[in-house]
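Here the structure is laid out as structure tokens; the discussion comes afterwards.
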Amino acid sequence: MKRCLRAVASAAARAVEFSHQRAAYFGELWRRSLQVRVVVSTLALSSAVVFVLGMVLQNQITDRLLATKEEAAIAATRDAVQVAETELTGVNPTADAVRNRLTSALNRLTSSSPNSSTASSAAGAFEPVLASDSPGLADLGDSLSVGAYHDVPDSLRHFVQSHEFAVQIYTVDRASGRTTFLIVGAPFGTANRPMQLYMLFPLTAEQHTISVVQSTLIVGGLVLLLLLAGIANLVTRQVVRPVRSAAQAAARFAGGELDQRMLVVGEDDVAKLAESYNGMAESIQRQIRQLEEFGTLQRRFTSDVSHELRTPLTTVRMAADVLHASREQFPPGLARSTELLVDELDRFEALLADLLEISRLDAGVEELVAEYVDLRPIAVRAARAVGTIARNAGSEILLDMPEEEAAAEVDARRIERVLRNLLANAVDHGEGRPVRLRMAFDDKAIAVTVRDYGIGLRQGEAGLVFNRFWRADPSRNRHTGGTGLGLAISVEDARLHGGGLDAWGEPRKGACFRLTLPRRQSVGFDASPLELPPPDADVVLAEAVDAPVADDAYRVTVATEAPEPDDVPRTSIPPPAPAWEEVR
């Protein structure tokens, strides 16, 4: 018994699983196929129309058959009443005489049609019943009858005994089965000698006709639905096929096959669509070619200019260094001019280096030299690199990093450049407040956020900060003397690693930049280990600035004098891993 129950349960589970799979498959097909949706919708609506039409036709045919049958039955009953009155005229009021005369009249009605009229013959076969309620027969019961008087319903008897002509459809249980009759009752005779005639017309032929009509409507409806489904499928294919062809052509065009075109057949609307698509593709291809040529010329121009400027810049740099070395012998104004010249030459050299880097990134010739390294020493080196800038701005750089080794497969030079640019940008816009660098990782990704508490970003500027040479407020003084390409290069470096660089900021709440990188180049990631906006996005600015650093954080304090590399202050927690030996 238990084995049978387990088998039944297993079969039920398989059936449920199969049903779920079929439902999921149909749902996917419904979402993806316009042709399936149109055919199914047409089939559903057509089914509703066919059902309503079939019900209306069946009711109309049934009502018409019954109306015709009833008219013919009433006419035949009236003729039979005349025959019965002729047979029962002057009947003796005794019981035997009445019974004999009723039997004789019944035989007369059964043996032949009352008359040969069309209406009477249309009524078909019938079973007559005669009954008498003469007062002189009270000792024999309520009535004296011949024929199947027990098949006449009481409700019909009541009407006829009240001298009313009545018609009723009634089903009778007989030995041969259930039979439905159209029973017509008619009173006749005199007040002293009332009699009733009941004509039972079987509706077997009409029921058979209605059954044939029902089956015909069902079969015809199914055939009609199949034809409509086929027609809808054919019509939909004529419309969907060009759309699918256009989608495939557009996909191949987007994939780089700029010569892909649609086939134009005929002069209808679909052909006009193909012609319009081909014209659009021609225009886009032409513009893409022009943009590619323009981009190539622009990158070549940038590269050539950068290379050509290096030679005169080197000469000017040598002369400026000579002047700068002898600036103590110059008057104060000339000495200051020499210092400004050297500073601007430094910025010019940085600009040329960034231009060359961005041109190589645009050309796609940069290669990623990735190694599996710890990112914590890289962050410390980046913080030390901007120490002088932070000291001049009065900012303090706080590093909040995990105790465990935060290793990832990266190009250390590029990641250090990205962090250096982010820290320099945070110091430049931090208005002298601390700058926090936080690092976290999970199994697939590693993330670094750089948070400042300065002027922040207005709405819509988070998507503009990575544009080349873009500045939120051109009137502000810069502490870093940047080239305007640092963040643009940083986002390209992040993409080269398969990661991303995001920005968040609000006015007077500061800004936060998040760098997310995969720990392995061959393994992608779903989410960043650090959230953006940062957890302190809604905290009051003063509270966020004074928030304590984590116990395992390493703090780079920028005071009036720049700390030496070996004297970087840190918390009392000892170095967590040997990898820190190089940055202690």
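The values are calculated or read from the model by the stated rules, or taken from the named source; none is laboratory data. Everything quoted here is computed from the prediction, not taken from an experiment. So basically every Cβ, Gly included, is an ideal-geometry build from the backbone, and we count neighbours across all protein chains shown. Note: accessible area is taken over every heavy atom of the protein model, side chains too, but ligands, DNA and RNA are not part of it. Shrake-Rupley method; radii C 1.70, N 1.55, O 1.52, S 1.80 Å.
Share of pairwise Cα-Cα distances greater than 17 Å in region 412-451 is 37 percent (whole percent). Note on Leu53 and Leu227: the extension gain reaches 61.0 nm, defined as 0.36 nm multiplied by sequence separation minus the Cα-Cα distance. A Förster distance of 25 Å, applied to the separation of the beta-carbon atoms of Tyr149 and Ile210, puts the FRET efficiency at 0.30.
In this simple spin-label approximation, Arg458 and Arg508 carry label points 7 Å from Cα along the Cα→Cβ vector, and these lie 1.5 nm apart.
Measuring only protein heavy atoms, the 1.4 Å probe finds Thr204 accessible over about 80 Å². Computed over neighbours whose Cβ is under 14 Å from that of Ile210, the net charge equals 0, Lys and Arg +1, Asp and Glu -1.
Using heavy atoms of the protein chains and a probe of 1.4 Å, the accessible area assigned to Ser337 is about 60 Å². For Glu164 and Ser10, a Förster radius of 51 Å and the Cβ-Cβ distance give a FRET efficiency of 0.15, rounded to the nearest 0.05. At an R0 of 25 angstrom, the distance between the Cβ atoms of Asn100 and Asp173 translates into a FRET efficiency of 0.25. The 3J(HN,Hα) values that the Karplus relation (6.51, -1.76, 1.60; θ = phi - 60°) gives for region 152-157 are, in residue order, 7, x, 5, 5, 5, 4 Hz. Gly and Pro appear as x.
Other residues lying with their Cβ under 11 Å from the Cβ of Arg520 contribute a combined charge of 0, Lys and Arg counting +1, Asp and Glu -1. Volume of the convex hull of region 169-280 (Cα atoms only), normalised per residue: 225 Å³. Near Ala325, once Lys and Arg are set to +1 and Asp and Glu to -1 for all other residues with Cβ below 13 Å from its Cβ, the sum equals -1. Projecting label points 7 angstrom from Cα along Cα→Cβ for Glu292 and Glu71 puts them 8.4 nm apart.
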